[in-house]
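Visitor: Here it is, the structure in full.
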Amino acid sequence: MTFRSPLNPPGDRCRNAFLWHDCRVTILCYHTVERGWRSPLAVTPETFEEHCAWLARRRVVSLDEAIGQTDRWGRLPRGVTALTFDDGFAGLYEHAWPVLAHFGLPATVFLVAETLSPEGRAVDWAPTAPPGTRTLDLDQVLEMQATGISFGSHSYAHHDLITLDADECERDLRASRELLEDLLKRRVPHLAYPRGLHNDTVHRAAEGAGFSYAFSLPEGPEEVSRYTIPRAVIIPGNGVPTLRFKTSRFYLPFRRTPLWPALRTVARKTGFGLRLGQTDMETTQEN
Ligand SMILES: [Zn+2]
């Protein structure tokens with residue numbers, strides 16, 4: 001009997017059938033590892049090393065493995081985590097990759113494809129990134145890929161995809177996949193939405209552009225399907241206790257409750273639970 005995961009059902013009918021509270025894997029979303037950034041996008045090398053030391057005691061699997069590990073009811077194993085990084089900042093090469101290699105942790109980096117195009121692209125989509133911030137160059141990407149780091153698309157030009165019409169959106173996403181597949185000489189089935197922003201038009205464009213799965217950053221109630229697989233953002237100040245909570249089976253379902261925006265408002269007004277309640281929104285706006 002061929003086993004079919006709910007994330008791999010044929011056609012649209014199951015796109016919204018997969019309810020998040022059945023899922024126990026937590027896919028984490030980092031951006032970069034850097035010293036001296038005053039930005040919600042960068043954790044320090046020391047914090048990242050602490051995180052990896054803790055994560056290495058859990059089961060960290062590749063994104064492909066995480067997606068594929070479903071049981072007949074579509075649920076994912078407890079205590080499993082997958083690591084992703086958005087935007088492909090150059091700091092990953094110097095500060096994240098060696099630590100991942102040291103602890104033997106697989107990870108996926110979502111690249112803004114235009115940054116690897118012949119014309120290139122400056123980092124102008126992240127206002128809090130220091131001036132002159134660079135992204136990974138092709139040599140660095142290929143070097144990391146050779147040691148097991150996988151790469152996905154973060155769109156071609158980091159537009160807010162919900163602002164594009166269906167054709168523009170599919171064109172951007174297709175161009176990103178084709179350029180990355182050409183450069184990486186590998187299939188690129190995964191997409192992470194810029195700023196986590198998506199809607200039905202974007203889902204169809206992602207499927208039409210040839211992506212198999214797409215990842216979001218939910219900020220409230222959101223259906224889960226193969227084109228809206230939620231991730232938990234990790235931000236500066238998130239110590240291991242917060243990482244433990246964000247990798248727990250409670251975190252993402254909790255974020256999907258109406259309680260979350262209320263908590264964040266309280267956090268903003270009182271400063272209580274700042275590291276938990278507030279930042280993801282800024283981070284989402286930011287990345
Ligand atoms: Zn981004």
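Visitor: Output the residues belonging to the stretch 106-136 that are in contact with a Ser or Thr (Cβ under 9 Å, 6 or more places away or on another chain) and more than 23 Å from ASP172 (Cβ to Cβ).
Guide: PRO106, ALA107, THR128, PRO130
Visitor: Please list, ordered by residue number, the strands (runs of 3 or more DSSP E) wholly in the stretch 61-171 having 2 or more residues that are surrounded by fewer than 21 Cβ atoms within 10 Å (Cβ to Cβ) and more than 16 Å from the ligand (Cβ to nearest atom). Show your work before the answer.
Guide: Values: elements: 80-86, 108-111, 150-153.
Because the criterion is at least 2 residues that are surrounded by fewer than 21 Cβ atoms within 10 Å (Cβ to Cβ) and more than 16 Å from the ligand (Cβ to nearest atom), the strands (runs of 3 or more DSSP E) in the stretch 61-171 that meet it are 80-86.
Visitor: With the condition kept exactly as written, say whether any residue in the stretch 177-188 is touching a Lys or Arg at 6+ places or on another chain (Cβ under 7 Å), open to solvent by less than 10 Å² (accessible area, probe 1.4 Å) and not in a helix (DSSP H, G or I).
Guide: To start, the set of residues in the stretch 177-188 that are touching a Lys or Arg at 6+ places or on another chain (Cβ under 7 Å) comprises 181, 188.
Now drop any that are not open to solvent by less than 10 Å² (accessible area, probe 1.4 Å), which leaves 188.
Those still in the list that are not in a helix (DSSP H, G or I) too: 188.
Yes, because at least one residue in the stretch 177-188 is touching a Lys or Arg at 6+ places or on another chain (Cβ under 7 Å), open to solvent by less than 10 Å² (accessible area, probe 1.4 Å) and not in a helix (DSSP H, G or I).
Visitor: Further question on the same structure: Within the stretch 189-220, take every residue that is of a type in the set (A, V, I, L, M, F, W, C) and not in a helix (DSSP H, G or I) and give me the one that is farthest from VAL233 (Cα to Cα).
Guide: ALA209
Visitor: Looking at (1) at pLDDT 85 or above; (2) closer than 30 Å to GLU49 by Cα, find the lone condition where ARG255 falls short.
Guide: (1)
Visitor: Also: Could you check the stretch 197-216 and list, in sequence order, the residues that are open to solvent by 10 Å² or more (accessible area, probe 1.4 Å) and within 16 Å of the ligand (Cβ to nearest atom)? Let's see the steps before the verdict.
Guide: Filtering the stretch 197-216 down to residues open to solvent by 10 Å² or more (accessible area, probe 1.4 Å) leaves 197-201, 203-204, 207-208, 210, 212-213.
Correct list: LEU197, HIS198.
Condition check ((1) among the aromatic types (Phe, Trp, Tyr); (2) out of contact with any helix residue (DSSP H, G or I) (no Cβ under 9 Å at 6 or more places or on another chain); (3) at pLDDT below 95) across all residues:
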site	(1), (2), (3)
ARG13	no, yes, yes
LEU19	no, yes, yes
CYS23	no, no, yes
GLU34	no, no, no
VAL43	no, no, no
ARG59	no, yes, yes
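The values are calculated or read from the model by the stated rules, or taken from the named source; none is laboratory data. Being a predicted model, the structure only gives us computed values, none of them experimental. With ideal geometry, Cβ positions are generated from the backbone for all residues, glycine too; neighbour counts draw on all protein chains shown. Quick note on the areas: whole protein, heavy atoms, side chains included, nothing else; ligands and nucleic acids left out. Shrake-Rupley method; radii C 1.70, N 1.55, O 1.52, S 1.80 Å.
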